[in-house]
1. List every residue pair whose Cβ atoms sit under 6 Å apart, with the two residues 6 or more apart in sequence or on different chains, where the first one lies in region 60-83 and is touching a residue at least 40 places away in the same chain (Cβ under 8 Å) and at negative phi and the second, anywhere, is of a type in the set (A, V, I, L, M) and surrounded by 10 or more Cβ atoms within 10 Å (Cβ to Cβ).
2. If you take the residues in region 27-83 that are in a helix (DSSP H, G or I) and not small (G, A, S), which one is nearest to K17 (Cα to Cα)?
3. Filter region 61-75 down to residues that are more than 11 Å from the chain's Cα centre (by Cα) and surrounded by 10 or more Cβ atoms within 10 Å (Cβ to Cβ), then give me how many there are.
Amino acid sequence: MSRDFLFGGTRAMTETKACRGCGAQILWLQMPSGKMMPVDAKPKKVIIMKEHVGHGETRVLPELVNGYTPHWASCPKAAEFKK
């Protein structure tokens, strides 16, 4: 049984599936548009720039977070699934 969780406002399935093209383990994220996007199951550390407000000023600072790579960027058979 799979469960959903929220990741940065994006809904994600917690159960991994095998890619039909290459067999790699993937997760599905529901984007704000409602479309589903396959991502590599293993998160990576990525740096995002985040706005911080304090002491009367706003600064943009780097922050290290877990992120996911779209599977079409790593799948050797991605071209077979393009619409």
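No value in this document is a laboratory result; all are computed from the given coordinates. These numbers come from a predicted model, not from an experiment. A quick note on method: Cβ atoms are made from the backbone with ideal geometry, for glycine too, and the neighbour counts reach across all protein chains shown.
1. Y68/V39; H71/I26; H71/V39
2. If we filter region 27-83 for residues that are in a helix (DSSP H, G or I), which is where we start, we get 71-73, 78-81.
Next, from what is left, pick out any that are not small (G, A, S): 71-72, 80-81.
Working: H71: 12, W72: 15, E80: 18, F81: 16 Å.
Across region 27-83, the extreme among qualifying residues is H71.
3. Filtering region 61-75 for residues more than 11 Å from the chain's Cα centre (by Cα) gives 61-65, 72-75.
Still in the running and surrounded by 10 or more Cβ atoms within 10 Å (Cβ to Cβ): 63, 65, 72, 74-75.
Number of matching residues: 5.
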